[in-house]
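Structure first, then comments.
The values are calculated or read from the model by the stated rules, or taken from the named source; none is laboratory data. Fair warning: this is a prediction, and the values are worked out from it, not measured in the lab. Please note: Cβ atoms are built from the backbone with ideal geometry, for glycine as well, and neighbour counts cover all protein chains shown. These area figures cover heavy atoms from the full protein model, side chains too; ligands, DNA and RNA do not enter into them. Shrake-Rupley method; radii C 1.70, N 1.55, O 1.52, S 1.80 Å.
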Amino acid sequence: MVDLESEVPPLPPRYRFRDLLLGDQGWQNDDRVQVEFYMNENTFKERLKLFFIKNQRSSLRIRLFNFSLKVLSCLLYIIRVLLDPPPQGNKWYHIFWVTRCLPLWGLQVSVALISLFETVLLGYLSYKGNIWEQILRIPFILEIINAVPFIISIFWPSLRNLFIPVFLNCWLAKHALENMINDLHRAIQRTQSAMFNQVLILISTLLCLIFTCICGIQHLERAGKKLTLFDSLYFCIVTFSTVGFGDVTPETALSKLFVVIMICVALVVLPIQFEQLAFLWMERQKSGGNYSRHRAQTEKHVVLCVSSLKIDLLMDFLNEFYAHPRLQDYYVVILCPTEIDVQVRRVLQIPMWSQRVIYLQGSALKDQDLLRAKMDDAEACFILSSRCEVDRTSSDHQTILRAWAVKDFAPNCPLYVQILKPENKFHIKFADHVVCEEEFKYAMLALNCICPATSTLITLLVHTSRGQTTPWEPFKQLTGIKQTLNREGQQSPEQWQKMYGRCSGNEVYHIIMEESTFFAEYEGKSFTYASFHAHKKFGVCLIGVRREDNKNILLNPGPRYIMNATDTCFYINITKEENSAFKNQDQLRRNNASRSFYHGPSRLPVHSIIASMGTVAIDLQDTSCRSASGPNLALPPEGSKETRRPSIAPVLEVADTSSIQTCDLLSDQSEDETTPDEDVSTNLEYAKGYPPYSPYIGSSPTFCHLLHEKIPVCCLRLDKSCQHNYYEDAKAYGFKNKLIIVAAETAGNGLYNFIVPLRAYYRPKKELNPIVLLLDNPPDMHFLDAICWFPMVYYMVGSIDNLDDLLRCGVTFAANMVVVDKESTMSAEEDYMADAKTIVNVQTLFRLFSSLSIITELTHPANMRFMQFRAKDCYSLALSKLEKKERERGSNLAFMFRLPFAAGRVFSISMLDTLLYQSFVKDYMISITRLLLGLDTTPGSGFLCSMKITEDDLWIRTYARLYQKLCSSTGDIPIGIYRTESQKLRTSESQISISVEDWEDTKDSKEQSHHRNNHRNSTSSDQSDHPLLRRKSMQWARRLSRKVPKHSGKTAEKISQQRLNLYRRSERQELAELVKNRMKHLGLTTVGYDEMNDRQGTLSYILINPSPDTRLEVNDVVYLIRPDPLAYLPNSAPSRKSSICNTTGPDTREETQL
């Protein structure tokens, strides 16, 4: 047993009770001293000071009591004046003596005693060694003047009627009011507006001047006109307002002198007060003031937190936020630490925004500023990052701190946060909605390489189209006048612009199935059946669902998914169903029997969609299911495959396994069709599984094509040989597919999201394109460790400014060149100059490699007009005029008709800011966009892909039949078309689409016919046909002859044009020779370099959810949402192949264990 006494030391002698009793003197040698703190506050003076001055609440009560005494003394003076009888006799007597009754005298004496005692006590408590400082204070002097005579009259009764200027107590009341407001702020721990304090001081000063003048003149005029208080008030108001009627004037010299003194005091005091008030008003205009608590409790508002506010950012937010009808009554409070910009101030003064937008200068990290913005009462808080800063990581850090501060101050306020770097995303996982810019940017650029113009497709889906009729449209409806749509491009004479503008108004909406007219009748049916028939009947495209008990959204869950009444349906349409009016076709047929609602050859309905004031009227079709295998279907051409059936199978209500087949329309070279040797070698190279290493926290795991073993880091370098391979350029590798080159400044973690969608498991292995990263700076090792598991991914240190670097990385046989905007150039002295270097570099690439498909990212969408710039292209000038007209009409996407944007060749990440804004109304938009881009993979959810329409597929004829073919065979859901057309000649000068350069090239068709495969004059498959070129050239010449008068200068003009043609041709040949010489110098073969082939004669655009009767054309690319192939892999029969998608081969079944 342990001896406790040996372990615990004994107490010191002074703390032993035995030693205290016995008087042990050992404790006296102890040097410890007991200290008592705050002894200075135990004195009587300190306790009084604590009560009267230091304590905020008790001091506030004392100030309020003092203020009440002063106001009471002024009221007693007014009562005394009113009770004073009219003066008679010696006039100077009435100036020094007044009549004061005994009760009134007693009250005034009591007030004087209390006031004097309080003044002396406060002077004693605030005494700091200088007594004259306390005595010579103006409040103390006024107190002595007004209180001491009353106290003397107690001992000297004959002085009770002595005149005492008690009305001067109004200045003491003003002083007490100021102290009371200061104590009030300290007591409630709230800083009131300085403007409020200054206005209060100004008003109190003005009232004190007027009251002093009234009482002084009234008393001094007792020796003259004997004015009443009302007459004195009238005189003071007339005098201080500089009116001066002159009907009431002072007579005595003393009153005149008093008026002069008061006017001088007013001229000195009031301008000072007004100057301070004006200064504070200007400062408040800069800081923005406060958002009132009453308005915050009665009205709804959202807060926008930004580090710097630019006019483009502001207008994008306001246009998108207020595009929704239910948000029209919301207020927007902008909290920004910088002073308001001049352009922003000018915009906020517009009546449309001045009543709804409030600018506050302040920081989200200060509780006072968050309180000014009433963040705790806000419906939402949008926190945006500053993408124009050079250090984007620092910008993210500021965004993270703002999000933390808002979450700490208002935990219940929904947060909508924009972050730049994906590695910083996990810091704000608590936010309700997060958009990571680099994640979306790189995923969108990657899909652009395999699904053309994906960036344009997503941008149009997340933008709210104007879609509103003009103000006189309701009058036209009432009067029966035919209305026209006011959508983008509807007033353009070009057909493609009308179709493109009309389809751009499609957005994603949601509705509960049992509450829907579109989908309620398909309860218990398969998803594919519901999607096809809803599109056939209503023209809406059902793309996804969500179970009531599940938060995950499933895009095209496939034909095996059975619709439930409580499911939430997500569909693409011009407007949501709640804003739609339905008109049955049978009723229209009775009203107009002669009108045909079906297309003759295909018997398909012609849909009439009329958008008016946010409401859509849709012609309903017959609900009976018409067989699509009738005799009206055209047979396929003779040259088509024999396996293609001449008719389309109907879409089954409940699909079985046999109904899910792969049709020839979607067939590609699958892995199953390879030879045994190729299959074995392929399986040895690649596997399918989840990447074992992610470069940042928070990346969504994606099933991808991977290598069985990661390759050494040295083998990732494309332009340098190592001990494992001896290749030093892209050509030496002998890739079967064309390259995808990404030109970026650094290998950020977001670049990982460019690789993952291109290596997703549902991409056929034979269609995988090699990826080359052209980086200005060497990548980090952790990034190389992440990409070394992916097949055919390489990097090279170089720049697009250097032609040698471009040639080494294989630009001459690349399918796509992706140019990412550099972070170091995003900030410039002139904002729109941030894209200058990128635009010029891309223009150089466009001139050197005209056949290369270049996808460019820009900082500012307004700079899209400089992409592939042609100064003398009349068609581009016509598009510029169209863009200006659309902007004047209030379009949110005025740049949508620019050819590079419509074709998906240019993209700006700022266009995706609206995705965050839309999520306030549509909380599912971020999830759907991430699923479309492949950033998230939900089991059972489909993915975005595309298919190309060839001449053998034209037997389908229309979009509706294609919809049925896909739904009945593979379960794919088409959502749009990417169409490429040749630019045709227009008769009007403003619509001419051919430049002088192209006309000169067509004249010598014999020499250059093999270089004109994509010439803009040809519309057939054989575009080098000599008679066709001659006919077009003659048409062009005739058009020129109509515009140019016949005179002697015509010959000279032709000669000058021919010289220009020779000059330009020599320039082209010079550029081609430059490229070839550099290739020979680097030891690269020039085979495959096509210096004359370009795509300048075509235009491309997107049709989102086109009408069912839209005709298919050759080279149309159809966007598809394909079901998840893994969702149909049977677990019980491993040898059974899935027939849902041709991209799932044996490797899907055998190699998923990685």
| Could you list log10 I(q)/I(0) for the range 731-889 at q = 0.10, 0.13, 0.20 Å⁻¹, which the Debye formula gives when each Cα is one point scatterer? | -0.43, -0.70, -1.32
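Once the piece of chain linking S982 and T43 is laid out straight, how much longer is it, given 0.36 nm per residue of separation minus the C-alpha distance between them?
Details: separation 939, 0.36 × 939 = 338.04 nm, distance 9.79 nm.
Contour length minus Cα-Cα distance gives 328.3 nm.
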| message | For a quick check of understanding: with a 1.4 angstrom probe and all protein chains in place, what accessible area in square angstrom does W92 have, to the nearest ten? | response | 120
| request: For the range 795-886, give the percent of accessible area contributed by carbon and sulfur heavy atoms, probe 1.4 Å, rounded to a whole number. | output: 54
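Which whole-number percent is the relative contact order of the range 748-856 (Cα, under 8 Å, 6+ apart)? Could you put the intermediate results ahead of the total?
Details: 92 pairs, mean separation 23.5, N = 109.
Value for the range 748-856: 22 percent.
Please say if the range 276-411 is rounded, prolate or oblate, where rounded means a/c under 1.5 for a ≥ b ≥ c the square roots of the C-alpha gyration tensor eigenvalues, and otherwise the choice is prolate for a/b larger than b/c and oblate otherwise?
On the way: a/c = 1.18, a/b = 1.15, b/c = 1.03.
Here the range 276-411 falls in the rounded category.
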| Once the Cβ-Cβ distance between K884 and R847 is put in as r, and R0 is 30 Å, what FRET efficiency do you end up with, to the nearest 0.05? | 0.65
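Sorted by mean Cβ packing within 10 Å, highest first, what order do the peptides 535-544, 248-257 take? All intermediate terms of the calculation are to be shown ahead of the outcome.
Values: 535-544: 24.1, 248-257: 16.6.
Result, highest mean Cβ count within 10 Å first: 535-544, 248-257.
Quick check: residue separation of F163 and S68 times 0.36 nm, minus the Cα distance between them. What number comes out in nm? Numbers along the way, then the final one.
Numbers: separation 95, 0.36 × 95 = 34.20 nm, distance 2.24 nm.
Once the chain is fully extended between F163 and S68, it gains 32.0 nm.
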| message | Once each part is reduced to its C-alpha centroid, what is the distance from the range 63-96 to the range 227-245 in angstrom? | response | 20
| query | With labels modelled as points extended 7 Å from the Cα through the Cβ direction, what inter-label distance (nm, one decimal) is found for E339 paired with T1085? | reply | 6.6
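Rounded if a/c is under 1.5, else prolate if a/b is larger than b/c, else oblate: which is the range 211-263, with a ≥ b ≥ c the root eigenvalues of its Cα gyration tensor? Don't skip to the answer; put the middle values down first.
Working: a/c = 1.43, a/b = 1.28, b/c = 1.12.
Rounded.
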| field | Ranked by how many other beta carbons lie within 10 Å on average, peptides 308-320, 93-105 from highest | value | 308-320, 93-105
| query | Which FRET efficiency value, to the nearest 0.05, is calculated for D376 and Y234 with the Förster distance at 51 angstrom and r the Cβ-Cβ distance? | reply | 0.50
| field | Inter-label distance, nm, simple model (7 Å from Cα along the C-beta direction), V199/A732 | value | 7.8
| Which cross-chain or sequence-distant (5 or more) residues have an amide H under 5 Å from the amide H of C101, H modelled 1.01 Å from N in plane? | none
| task | In Å³ and rounded to a whole number, note down the convex hull volume per residue for the Cα atoms of the range 870-947. | result | 136
| request: Could you point to the residue in F897, L879, I926 farthest towards the positive end of the range 853-934's charge dipole, with +1 and -1 charges on the Cβ of Lys/Arg and Asp/Glu respectively? | output: L879
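Loop-only trypsin sites (Lys or Arg not before Pro) in the range 836-877, please: DSSP not H, G, I, E or B, and at most 14 other Cβ atoms within 10 Å.
Values: sites: K837, R847, R865, R870, K872; in loops: R870, K872.
Here the sparse-neighbourhood loop sites are R870, K872.
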| query | Using a 1.4 Å probe, what is the accessible area per residue for the range 239-367, in Å²? | reply | 55
| field | Extension gain (nm, one decimal) between K720 and D801, 0.36 nm per residue minus Cα-Cα | value | 27.2 nm
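Please list F920, F65 from largest to smallest accessible area, probe radius 1.4 Å, with all protein chains kept in place.
Accessible-area ranking of F920, F65, largest first: F65, F920.
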| request: Calculate the length of the line joining the C-alpha centroid of the range 403-463 to that of the range 750-767, in whole Å. | output: 20
| note | Taking every other residue with Cβ under 10 Å from the Cβ of T856 and scoring Lys and Arg +1, Asp and Glu -1, one gets -2
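Taking the range 86-171, how much of its Cα-Cα pair set, in percent, is spaced more than 14 angstrom apart?
On the way: 2485 of 3655 pairs.
Tail fraction, whole percent: 68.
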| field | Cα→Cβ-extended label distance, 7 Å offset, between I78 and Q297, nm | value | 3.2
| request: Between L707 and S354, take the C-beta separation as r, use R0 = 60 Å, and let me know the FRET efficiency to the nearest 0.05. | output: 0.50
| message | Over the range 272-406, what is the relative contact order in percent, taking alpha-carbon pairs closer than 8 angstrom and at least six residues apart? | response | 32
